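**Q** Sharing a structure here in structure tokens format.
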Amino acid sequence: MKENILLSKTKTFALNIINLCNDIKGTCILTSQLLRSGTSIGANIHEANYAHSKSDFISKMQIALKECYETEYWLDLLMNANIINSKYSHILKDCIEIKKILISTCKTAKDNS
């Protein structure tokens, strides 16, 4: 079975989000929001791979993209509030990379439908 690079990236990303939230859970009330949105990106992509139609696939990928945008917002907010430092900047960079892939995937899927 061929490895799905996007699934692999989002699983690693979700694990990094879990670790980040564990590191800051005592100092920030936003961890539940970040944890929910950051881990749901990969879950929605995983679900999209088992979509029953092209429109279902596009819908799930768009939900993953929305969750990615939300996660990017929370990460940016936490960095600007100095709750997380540059030690975690790679997580924001990964989020932006995943977002770009999702934008491209959604566009291609729509163009091909």
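Read-outs throughout are calculated quantities, based only on the coordinates presented, and are distinct from any laboratory measurement. The model shown is predicted, which means the values in this text are computed figures rather than measured ones. Ideal geometry is used to build each Cβ from the backbone, glycine not excepted, and the neighbour counts take in all protein chains shown.
**Q** Taking 25 Å as R0, compute the FRET efficiency from the Cβ-Cβ separation of ILE5 and ASP76 and round it to 0.05. Write down the numbers at each step before the final one.
**A** On the way: r = 25 Å, r/R0 = 0.99.
The formula returns an efficiency of 0.50 here.
**Q** For the chain, take the longest principal axis of its alpha carbons; what is the angle in degrees between that and the long axis of helix 5-24, to the nearest 10 within 0 to 90?
**A** The answer is roughly 20 degrees.
**Q** Among LYS99, LYS87, LYS25, which one moves the most in a GNM of the chain with springs linking Cα atoms closer than 10 Å?
**A** Checking each option, the largest mean-square fluctuation is seen for LYS87.
**Q** OK, next. Please name which of CYS68, ASN22, PHE57 has its Cα lying farthest along the dipole of the chain towards the positive end, using unit charges on Cβ (Lys, Arg +1; Asp, Glu -1) and the Cα centre as origin.
**A** PHE57
**Q** Output wanted: per-residue J couplings in Hz (rounded whole) for region 99-113, from phi through Karplus 6.51 cos²θ - 1.76 cosθ + 1.60, θ = phi - 60°, x for Gly and Pro.
**A** Each residue of region 99-113 in turn: 4, 4, 5, 5, 4, 5, 5, 5, 4, 4, 4, 5, 5, 8, 8 Hz.
**Q** While we're looking at this one, here's another question. Mean residue ellipticity at 222 nm from the helices of the chain, using -39,500 (n - 2.57) per DSSP H segment of n ≥ 4 over the full residue count, to the nearest 500 deg cm²/dmol? Don't jump to the answer; show the numbers that get you there.
**A** On the way: 4 runs with 88 residues, N = 113.
Theoretical 222 nm ellipticity from helices: -27000 deg cm²/dmol.
**Q** Once phi is turned into ³J(HN,Hα) by the Karplus curve 6.51 cos²θ - 1.76 cosθ + 1.60 with θ = phi - 60°, what whole-Hz value does each residue of region 35-49 show in order, with x for glycine and proline?
**A** Computed from phi, the couplings for region 35-49 are 4, 5, 6, x, 8, 7, 4, x, 4, 5, 5, 4, 5, 4, 5 Hz.
**Q** Taking the chain as the reference, fit the longest principal axis to its C-alpha atoms, fit the long axis of helix 54-80 to the helix C-alpha atoms, and give the angle between the two in degrees, 0 to 90, nearest 10.
**A** 20
**Q** Give me the three principal axis extents of the chain from the C-alpha atoms, as integers in angstrom, largest value leading.
**A** 45, 25, 20 Å, listed from the longest principal axis down.
**Q** Related question: For ILE18 and ILE103, what is the calculated FRET efficiency with R₀ set at 25 Å and r taken between the beta-carbons, to the nearest 0.05?
**A** Details: r = 25 Å, r/R0 = 0.99.
Plugging the Cβ-Cβ distance into 1/(1 + (r/R0)^6) gives 0.50.
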